[in-house]
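Notes for the one structure printed next.
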2 protein chains.
Amino acid sequence: MPVSQKIREAIGRSSWIRKMFEEGAKRKAEYGEDNVFDFSLGNPNLEPPPRVHQVLEDLVRDPTPGQHAYMSNAGLVKTRRAVADYLNTYNRDRFSSEEIVMTVGAGGGLNVVLKTILNPGEEVIIPKPYFVEYNFYLDNHQGTPRLVKTRPDFSLDFDAIEEAVTEKTRAVLINSPNNPTGKVYAEEELKELAGLLSHYSGKFGQPIYLISDEPYRKIVYDGIKVPTVFDAYNESFMVTSFSKDLSLPGERIGYAAAHPGISDKKMILAGMVLCNRVLGYVNAPALMQRAITRLLEDSVDISLYQQKRDRLCEGLASFGYEFKKPEGAFYLFPRTPLEDDVAFVAALQDENILTVPGSGFGGPGHFRIAYCVSDRVIEGALPGFEKVMKRY
Amino acid sequence: MPVSQKIREAIGRSSWIRKMFEEGAKRKAEYGEDNVFDFSLGNPNLEPPPRVHQVLEDLVRDPTPGQHAYMSNAGLVKTRRAVADYLNTYNRDRFSSEEIVMTVGAGGGLNVVLKTILNPGEEVIIPKPYFVEYNFYLDNHQGTPRLVKTRPDFSLDFDAIEEAVTEKTRAVLINSPNNPTGKVYAEEELKELAGLLSHYSGKFGQPIYLISDEPYRKIVYDGIKVPTVFDAYNESFMVTSFSKDLSLPGERIGYAAAHPGISDKKMILAGMVLCNRVLGYVNAPALMQRAITRLLEDSVDISLYQQKRDRLCEGLASFGYEFKKPEGAFYLFPRTPLEDDVAFVAALQDENILTVPGSGFGGPGHFRIAYCVSDRVIEGALPGFEKVMKRY
């Protein structure tokens, strides 16, 4: 066999969703880019804030030597210190640079944390619907996902989580604000989850970690604040990136932070730094580390995403779509009027509207609309959304 | 346990070499940076060529939207096309953009190729001495290294390779110009290796791949050219980066190329693109992809490394050190006059000269000098090298 069994199967599995994207590309070629309404990808349509360009211009003009050189695998000390200071603006515990590892995006950070903690066959509990890429990230380190349901409003279902906990449970992985639902977990939910994990950590004699994937933390609406897992639970990691809030997804810059009070901290941090190296990342891209050092307080104009959310929600509600209004991120996850979400997404596709079936996120009977698109796309798609709904 | 068994062991294993680095840092603090001669790291001392800065300035001023966005996981088409055109300047077979995957450095590229091809328990043959990071890269994908000896001049030992080939052999991984020896494999060697691998591929009914790690390809001396594996063998991959020849190691930009005539090419390429994504790299940093598109013909001034090599070789030879003069890269791998290379490196350390024992590369009885350092470090260290040699 030319490629490994596992990769061959993965190529096969992902091909149906790839076919949908190919269908989209075909439609764009046939009907013109402007007549296809593509809500399929979480690729931010907003450009990075102007300050990003100013900072980059400054940095590439700076003649100080050694700026593109190797560094500690954890990242530049100055950057890590700035990140720690930033975390100290909203967390009760005090971070220092040593608890921060700069990573190749949040994808890199998640792999670093997972490789650090997972022994083969250990399990990670993930509430559904979820970002399915997590399956690959677990499998990279021979971990196994334990998917658990959430409540109808996508809040955590503690009975389902408790039922899934076993001696093999190494962590719970949450994503808030959530892709694909836009849900933000409340402080009370995090506290209850922490209580549950503390209990079973004690029972099994080793910590069950809480890993929080938070690239959408700054993308929230109606003045909501995203509670921090660090205030709820000591055995926690937070992973994030600047892909969404600074619209820099192609630059692969993010970080992983461990709680200042995490057990066996020295070993955990050494493991994270080692894993960042041996996974082949080596370190986060140097220039982008220097850039984000000055951009931690910045973000794109979130009110623009809020306007998109409001226009889309208003339109879809008026056509009879059922959904929970997203509190953050830039995804809407409505119910499909058909049980078969793949068929419904295909019907939308016939109107040149590209979305993703909820089944692709462990949430059948729904579909995901990524509304990080231009207003023109939203306005253009509304008649099609109405037409398809009327049919069912 | 807070970290996985495997990572805990790896932290333990690597701690002796880390202690040496810590010792170095201590010495720098005690004796002053200028009085410690650090040859321990392959961190290029030359700054990137001025054109790198010009190109980066141009790029960050370019207002075209979408430049920091997600792209195909394989990388920007324009960049991949430029890389293919560059490969076509010295390879017989014709590359197109589709055979190129832009990666997070060569470390990222190697992991992408290894994950694509390796099933658990399969073996990769690696000639010693070698870059020990390969062990981690194999282990990431549950592969096993089969280390084989080379001849006294570090050329390939085909008997040793043939003895190591089994049904489990999935690839041979070579590094030319070599870290730590500076060896460049000759065209005849690559042809003989290709013949051997073709024979056993046929015998076992599946390709045994040749993976060539070539970040030092442009760093060669005395007018030597590095032969290309692609002209020798169809079942081959080449992985490289711009870390050494453009002195951009911190920026994590490189690529992996598959032979245009590789078997089952479509599946292999789909696997590489998938692995780049699911390993959490997602794509190579966007800005650096755009930069190297214009910098493929550039490099630092290699004659400066050649001068360093010559001065060091001349000095060490006059003190009685035995070594093979490096043909490329910026490492010298002399014999230690003691059998115990760790003890010899410790003796050099007492003279504030920091090097790495050959044991750290699977080459005991040697030590590695990374001469990508300022001339001052080389001149300052020569008396110490002489003094320690005289003692034995």
Among residues belonging to the stretch B:132-144 that are in a loop (DSSP other than H, G, I, E, B) and modelled with pLDDT of 95 or more, point out the one that is surrounded by the most Cβ atoms within 10 Å (Cβ to Cβ). B:143
Check whether at least one residue in the stretch B:146-158 is closer than 24 Å to residue A:140 by Cβ, without any contact (Cβ under 8 Å) to a residue 24 or more places away in the chain and more than 12 Å from chain A (Cβ to nearest Cβ), and report yes or no. yes
Select from the stretch A:235-252 the residues that are farther than 17 Å from residue A:195 by Cβ and either outside any strand (DSSP E or B) or among the small types (Gly, Ala, Ser) (or both) and list them in ascending order. A:241, A:242, A:243, A:244, A:245, A:246, A:247, A:248, A:249, A:250, A:251, A:252
Do we find that residue B:318 is under 30 Å from residue B:10 (Cβ atoms), hydroxyl-bearing (Ser, Thr, Tyr) and either assigned to a helix (DSSP H, G or I) or free of Cβ contacts under 8 Å to residues at least 24 places away in the same chain (or both) in this structure? no
Of all residues in the stretch A:43-62, which are assigned to a loop (DSSP other than H, G, I, E, B) and more than 8 Å from chain B (Cβ to nearest Cβ)? A:45, A:46, A:49, A:62
Would you check if there is a residue in the stretch A:354-369 being in contact with a Lys or Arg (Cβ under 9 Å, 6 or more places away or on another chain), β-branched (Val, Ile, Thr), in contact (Cβ under 8 Å) with a residue 12 or more places away in the chain and crowded, with 19+ Cβ neighbours inside 10 Å? yes
For the condition closer than 18 Å to residue B:208 by Cβ, part of a helix (DSSP H, G or I) and either in contact with a Leu (Cβ under 6 Å, 6 or more places away or on another chain) or within 14 Å of chain A (Cβ to nearest Cβ) (or both), what is the one hit in B:78, B:115? B:115
Of all residues in the stretch A:119-130 being touching a strand residue (DSSP E or B) at 6+ places or on another chain (Cβ under 6 Å) and within 14 Å of another protein chain (Cβ to nearest Cβ), which is nearest to residue A:177 (Cα to Cα)? A:124
Every residue in the stretch B:321-347 that is part of a helix (DSSP H, G or I) and under 16 Å from residue B:129 (Cα atoms), please. B:341, B:342
Which one of these is closer than 30 Å to residue A:308 by Cα, modelled with pLDDT of 95 or more and surrounded by fewer than 21 Cβ atoms within 10 Å (Cβ to Cβ): A:227, A:177? A:227
Looking at the stretch B:82-92, is at least one residue within 30 Å of residue B:273 (Cβ to Cβ), within 13 Å of another protein chain (Cβ to nearest Cβ) and touching a Lys or Arg at 6+ places or on another chain (Cβ under 7 Å)? no
The stretch B:204-234, residues that are within 14 Å of chain A (Cβ to nearest Cβ), assigned to a loop (DSSP other than H, G, I, E, B) and not β-branched (Val, Ile, Thr): B:205, B:206, B:207, B:215, B:234
If you go through B:255, B:281, the only one that is in a strand (DSSP E or B), hydroxyl-bearing (Ser, Thr, Tyr) and in the same structural domain as residue B:83 (by TED's automatic domain parsing) is B:255
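The values are calculated or read from the model by the stated rules, or taken from the named source; none is laboratory data. Predicted model, so just to flag it, every value in this text is computed and none were measured. Virtual Cβ from ideal backbone geometry, glycine too; neighbours counted across all protein chains shown.
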